[in-house]
Amino acid sequence: MLLNFYPGPSKIYPEVRQYLTDAYDGGVINIPHRSETFMQLMRATVNSLKKKLNIPHDYYIFFTSSATECWEIIAQSFTFSQSFHLYNGSFGQKWFEYAQKICSETQAHEFPLEELIDTANLEIPEDAEVVCITQNETSNGTQINANTILSLYNKCKDQLLAVDATSSMAGLNLKYIKADIWFASVQKCFGLPPGMAVMVCSPRALYRAKKLDEKNHYNSVVLLYEKMLNYQTSYTPNTLNLYLMYRVLEQRELIKTIDQQLVQRAQNLYDFFEPFTQFRPLITNPEVRSNTVITLHGHHKLVEDIKKNAAANNIQLGNGYGKWARDTFRIANFPANTDTEFEILKDFFSRNYN
Ligand SMILES: *Cc1c(COP(=O)(O)O)cnc(C)c1O
């Protein structure tokens, strides 16, 4: 059995194998998306998401095809002239570039890898309508902590705060109430196959979308909203993944518990890697270090060797990403990865690289 520590597409819950069979046998795969059965499934999934992920009752949930699509939707449905992006890595930067293609006035501020965002001295451009951050930067293993998000939110008087939480939603107990738009695709902490994303919107965000009333795209937020009133979608959706999400959420513990386990395991992993000398965590500041994606840095030849050697031992490590592609490797600390798997992983490193 291959142990998969890739940070996306990542390990899928093994129970999904049975749920796939159930979906086929129960005829769920091809139920018409205007049917009562579909609407029941959608309603149950939305309720489960709110309950299991601790999402406020008055927030809205929409389904899209990917996190990348959510980047576009935010630029189309929540932004009239420009958004403002804070980033320190590849995903945040890509989001900025996508948004800029749609709203050319869009601006960005890049902040240093080891530092917290200096919210006190931050100048948000006056014309910006949405402030965009990446809670967990999957490319380099940094994260923006809850306090920083809170002080950013307090600073956003007229702006909506939008958070890419692709590699942390369903892993960490995010404070949804402290931002307006949150989104994630499901092939990371949800432990599901790729091809779907969840978008969570505050009442304030929806109010703003209604005011803009942008309806030029099949997944424009007002259209998503109008269809969702009846637990439907504007187009034939990924019913299979929706069903899998419903089943996986049913089996999962509350996010508070999952968060505690992940944070503790992250701490344990950082402690474990501390004594290794040939490679070390890319991020040393514990205040900005990711809990869900552990990024380790070393000479590119060694990194190559570690990944090959691991693969020969049936352990799949994540490649580096973007400008860190060659001299880092990444380890997903996602809910579907078990403690037993991490014991095997640690054993591999102790035997070969200590
Ligand atoms: C993986 C990832 C994305 C891209 O997700 P897609 O489903 O491929 O669109 C965006 N942002 C972050 C932070 C990611 O980790």
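Where a number appears in this text, it was derived from the coordinates with a stated rule and is not lab data. Everything numeric in this text was worked out from a predicted model, so none of it was measured. Here the Cβ positions follow ideal geometry from the backbone for every residue, glycine too, while neighbour counts run over all protein chains shown.
Observations on the structure shown:
- At R0 = 41 Å, FRET efficiency that the Cβ-Cβ distance of Arg326 and Arg17 yields, to 0.05: 0.70
- Listed values for region 10-15 are Karplus-derived 3J(HN,Hα) couplings in whole Hz (6.51 cos²θ - 1.76 cosθ + 1.60, θ = phi - 60°), namely 10, 4, 9, 3, x, 4, and x replaces Gly and Pro.
- Virtual spin-label span in nm between Gln278 and Asn314, 7 Å along Cα→Cβ: 2.3 nm
- Among 141-150, 342-351, the order from most to least packed when residues are scored by Cβ within 10 Å on average: 141-150, 342-351
- Unit charges on C-beta of K, R, D, E only; dipole of the chain, Debye: 620 debye
- Reachable lysines from Lys307, criterion Cα separation under 21 angstrom, eight or more residues apart if same chain: Lys11, Lys188, Lys323, Lys346
- Compactness relative to 2.2 N^0.38 Å, alpha carbon Rg of region 45-108: 1.32
- Potential lengthening between Arg43 and Tyr353 on full extension [0.36 nm per residue; Cα-Cα distance subtracted]: 106.6 nm
- Cα-projected label distance for Arg204 with Lys175, points at 7 Å along beta-carbon direction, nm: 1.3 nm
- Our estimate of slack between His217 and His109, defined as 0.36 nm per intervening residue step minus the Cα-Cα distance, is 36.0 nm.
- With the convex hull drawn around the C-alpha atoms of the chain, the volume per residue stands at 125 Å³.
- Stretched out straight at 0.36 nm per residue, the stretch from Thr236 to Thr340 would grow longer than its current Cα-Cα span by 33.5 nm.
- Diagonalising the gyration tensor over the Cα atoms of region 121-223 and scaling each eigenvalue by 5 before taking the square root yields semi-axes of 22, 20, 11 Å, largest first.
- Using the Cβ-Cβ distance between Tyr225 and Leu302 with R0 = 35 Å, the FRET efficiency computed as 1/(1 + (r/R0)^6) comes to roughly 0.10.
- Value of relative contact order over region 163-303, rounded to a whole percent, pairs C-alpha under 8 Å and six or more apart: 19 percent
- Less than 5 angstrom separates the built amide H of Val293 from those of Asn333, all sequence-distant by 5 or more or on a different chain.
- Over region 66-211, relative contact order from alpha-carbon pairs under 8 Å, at least 6 apart, %: 22 percent
- Residues with amide H under 5 Å from that of Asn319, placed H, sequence gap 5 or more: Arg330
- Simple label model, 7 Å out from Cα along Cβ direction - Glu123 to Thr257, nm: 5.0 nm
- Entry note, the chain: relative contact order of 25 percent, from Cα contacts under 8 Å with a spacing of 6+ residues.
- Long-range Cα-Cα pairs in region 230-354 (distance over 20 Å), rounded percent: 53 percent
- Fraction of beta bridges assigned by DSSP in the chain that are antiparallel (%, nearest 5): 55 percent
- Using the average count of surrounding beta-carbon atoms within 10 Å as a protection proxy, the listed peptides 43-53, 107-117, 165-175 rank, highest first, as 165-175, 43-53, 107-117.
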